[in-house]
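J.: Have a look at this one.
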Amino acid sequence: ASLARPDKVDGRSLVPVLKQPDAAWDFPAITTHGRGNHTVRTEGWRYIRYANGDEELYDEHADPLEYTNLATHPAQSARKQELARWLPSTDAPNLPGDRKNKAE
């Protein structure tokens, strides 16, 4: 769209992938739902860390419906660390008038 990105917006341009769908993309998808609740999704894995510190980890190839949380399995500690490095280090401020998920 040839729009300038505002300084307050994080992220990477998807233009290279839109122009060339088979282009390499080595970044996970990161989503946030409420303050401090973040998900990191790669091809095959989903890691969630909640504001209270609870975690979920799913192998989407072996468990596409996410029935088995692997976050407490010692064999997955390296995978959790690998995915957790993508979590945001700070949270954006709440929107004006937002009554839920107030900053503590």
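J.: Quick check on my filter: what residues within segment 50-63 are open to solvent by 90 Å² or more (accessible area, probe 1.4 Å) and over 24 Å from Ala24 (Cβ atoms)?
T.: Asn52
J.: Return a yes/no flag: does segment 77-91 have any residue that is open to solvent by less than 70 Å² (accessible area, probe 1.4 Å), free of Cβ contacts under 8 Å to residues at least 40 places away in the same chain and in contact with a Phe, Trp or Tyr (Cβ under 9 Å, 6 or more places away or on another chain).
T.: Checked segment 77-91: at least one residue is open to solvent by less than 70 Å² (accessible area, probe 1.4 Å), free of Cβ contacts under 8 Å to residues at least 40 places away in the same chain and in contact with a Phe, Trp or Tyr (Cβ under 9 Å, 6 or more places away or on another chain).
J.: Considering (1) modelled with pLDDT under 95; (2) closer than 28 Å to Leu3 by Cβ; (3) surrounded by 11 or more Cβ atoms within 10 Å (Cβ to Cβ), say which one Gly36 fails and leave the rest.
T.: Checking Gly36 against (1) modelled with pLDDT under 95; (2) closer than 28 Å to Leu3 by Cβ; (3) surrounded by 11 or more Cβ atoms within 10 Å (Cβ to Cβ), the one that fails is (2).
J.: I've got another one for you. Regarding Tyr47, is this residue over 26 Å from Asp98 (Cβ atoms) and at pLDDT 95 or above?
T.: Criteria not met by Tyr47.
J.: Tell me, please, whether a residue that is under 29 Å from Arg5 (Cβ atoms) and of a type in the set (Val, Ile, Thr) can be found in segment 82-101.
T.: Yes, segment 82-101 contains a residue that is under 29 Å from Arg5 (Cβ atoms) and of a type in the set (Val, Ile, Thr).
J.: Here are some residues: Ala71, Ala29, Ala78, Ala62. Which one is on the phi < 0 side of the Ramachandran plot and modelled with pLDDT under 95?
T.: Of the residues listed, the single one that is on the phi < 0 side of the Ramachandran plot and modelled with pLDDT under 95 is Ala29.
The values are calculated or read from the model by the stated rules, or taken from the named source; none is laboratory data. Remember, it's a predicted structure, so these values are computed and weren't measured experimentally. Quick reminder, even Gly has a Cβ in these numbers, built from the backbone with ideal geometry, and neighbours come from all protein chains shown. Each accessible area value is taken on the protein alone, full model and side chains, heavy atoms only, with ligands, DNA and RNA left out. Shrake-Rupley method; radii C 1.70, N 1.55, O 1.52, S 1.80 Å.
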